[in-house]
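Structure first, commentary second.
The values are calculated or read from the model by the stated rules, or taken from the named source; none is laboratory data. Note that the structure is a prediction, hence the values are computed from the model and not measured. Positions of Cβ are backbone-derived with ideal geometry, glycine not excepted, and every protein chain shown enters the neighbour counts.
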Amino acid sequence: MMHYMPHVSRVKLDHKVERDLLKTLEFVLTRLTKEEEMNGFMLSLMTPTERLMFSKRLAIIIMLKEGLPDSHISAILHVTRGTVARMQLFLETSRSGGYEHALRKLQNEKIVKELKEALINLAGYAARAAGGRVKPSII
């Protein structure tokens, strides 16, 4: 199944209308405190492609914070090195602290620890495979 990202209209919104729309979205997101509420909202709000795109962005940030090289991140997540570089630049220059806030929330969560471990193991495997140090196996 192929999903496409929606395109934003070329007709610019009035700045007040745009600000009000964004504030409404932020309000809703901050009020959804139960996991099932948030899941339902996110499933309704975004296409599977959009959810995957945002998930990859977060994974890139986690992996960058763990010190993984951009080439490994690119290979693991199937994103370009340019995408990783843009996320690195955004992380370094963003004044909002958005990713830092998210990472603090995730820091003690078991699932994130497991994700980090899996991504780091996968990065090590990818590096060994790229260097020809992994013997092929039949699964």
For this session: Could you tell me which of the residues 55, 137 is assigned to a helix (DSSP H, G or I), among the polar types (S, T, N, Q) and either more than 26 Å from residue 42 (Cα to Cα) or modelled with pLDDT of 75 or more (or both)?
Result: 55
Exercise. What number of residues within the range 7-52 satisfy the criterion of being part of a loop (DSSP other than H, G, I, E, B) and out of contact with any His (no Cβ under 8 Å at 6 or more places or on another chain)?
Worked result: 12
Exercise. Which condition breaks for residue 68 when tested against (1) free of Cβ contacts under 8 Å to residues at least 24 places away in the same chain; (2) surrounded by 13 or more Cβ atoms within 10 Å (Cβ to Cβ)?
Worked result: (1)
Problem set entry | Number of positions in the range 65-106 that are under 15 Å from the mean Cα position of the chain (by Cα) and among the polar types (S, T, N, Q) | 4
Seminar exercise, completed: Checked the range 48-67 for anything of a type in the set (Lys, Arg) and farther than 16 Å from residue 82 by Cα; matches are 51, 65
For this session: Of the conditions (1) outside the structural domain of residue 116 (by TED's automatic domain parsing); (2) of a type in the set (Phe, Trp, Tyr); (3) under 24 Å from residue 113 (Cα atoms), residue 54 clears all except one; give me its number.
Result: (1)
